[in-house]
1. How about the stretch 70-105: which chymotrypsin sites (Phe, Trp or Tyr not before Pro) there lie in a loop by DSSP and see at most 13 other Cβ atoms within 10 Å?
2. Connecting C-alpha atoms closer than 10 Å in a GNM of the chain, tell me which of Leu22, Leu139, Leu109 has the biggest fluctuation.
3. For the chain, modelled as a Gaussian network with Cα springs under 10 Å, which listed residue fluctuates most, Ile51, Ile70, Ile156?
4. So what's the chain giving for Cα Rg divided by 2.2 N^0.38 Å, two decimals?
5. Please identify the trypsin sites (Lys or Arg not before Pro) of the stretch 1-89 that satisfy two criteria: DSSP loop assignment and at most 16 other Cβ atoms within 10 Å. Which are they?
6. Using the alpha-carbon centroid of each, what span in Å lies between the stretch 129-165 and the stretch 73-128?
7. In terms of the Cα gyration tensor, with a ≥ b ≥ c the square roots of its eigenvalues, is the stretch 100-166 rounded because a/c is under 1.5, prolate because a/b exceeds b/c, or oblate?
8. Within the stretch 87-141, report the trypsin sites (Lys or Arg not before Pro) that DSSP leaves as loop and that have at most 15 other Cβ atoms within 10 Å.
Amino acid sequence: PAKVSYKDIAQYQLAYDSIYTLQGLGAFEDAPNGLFNPQSVVTRGQLARMIIKSFNIPYQSPDILPPADITPYHPYYKDMITAVKTGLLHPDVNGNVSPDKVVTRREVLIMLNSALGYAGLSLNQYETNILERFSDYYLTAPEEANIIASFAGDNIITGKSGQQLS
């Protein structure tokens, strides 16, 4: 894609190179009026595209029964189909992938961990007791604690206000 000069990221110098690298990979939609909108929420569809583009995951063809809540006309259709087929995310019990739903911090970590696995990479392993430094650690699902501990142990994630994983 053509390089965009975002007008609203000057105060985000730490992320500057990452933003422009992802933009160059086509991970973002065109920026209306040259704005990146760094304080905006990210949807599941947007996150799927960012991960697929940044990990250079080839697009997959849909199965006979694609997810129930997305059509081929949705802007993130190919991204969501690929995310499901590669195991980055899973439809809910009703077969929905919710491409327009705001993604949670938990979902970001789980999808990134899945992408790392797809690429044959892994994070350092940490004991789950490392999560005890967060006041809400007990809300972490036991089956996901090892994944979240790896991200916390390598300081990829830090606590929000009040030292919460949130």
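1. On the way: sites: Tyr73, Tyr76, Tyr77; in loops: Tyr73, Tyr76.
When the chymotrypsin sites (Phe, Trp or Tyr not before Pro) of the stretch 70-105 are filtered for loop state and at most 13 Cβ neighbours within 10 Å, Tyr73 remain.
2. So, out of Leu22, Leu139, Leu109, the one fluctuating most is Leu139.
3. Among Ile51, Ile70, Ile156, the largest GNM mean-square fluctuation belongs to Ile156.
4. The chain yields a ratio of 1.10.
5. Values: sites: Lys3, Lys7, Arg44, Arg49, Lys53, Lys78, Lys85; in loops: Lys3, Lys7.
Of the trypsin sites (Lys or Arg not before Pro), the ones in loops of the stretch 1-89 whose Cβ has at most 16 other Cβ atoms within 10 Å are Lys3, Lys7.
6. Each part reduced to its Cα centre gives a spacing of 19 Å.
7. Details: a/c = 1.87, a/b = 1.23, b/c = 1.52.
It is oblate, given that a/c is not under 1.5 and a/b is not larger than b/c.
8. On the way: sites: Lys101, Arg105, Arg106, Arg133; in loops: Lys101.
Taking the stretch 87-141 and a limit of 15 other Cβ atoms within 10 Å, the loop trypsin sites (Lys or Arg not before Pro) found are Lys101.
Rule-based calculations on the coordinates, nothing more; no lab input. Only a predicted model underlies this, so the values are computations on that prediction, with no experimental measurement involved. Neighbour counts run over all protein chains shown; Cβ positions are idealised from the backbone, glycine included.
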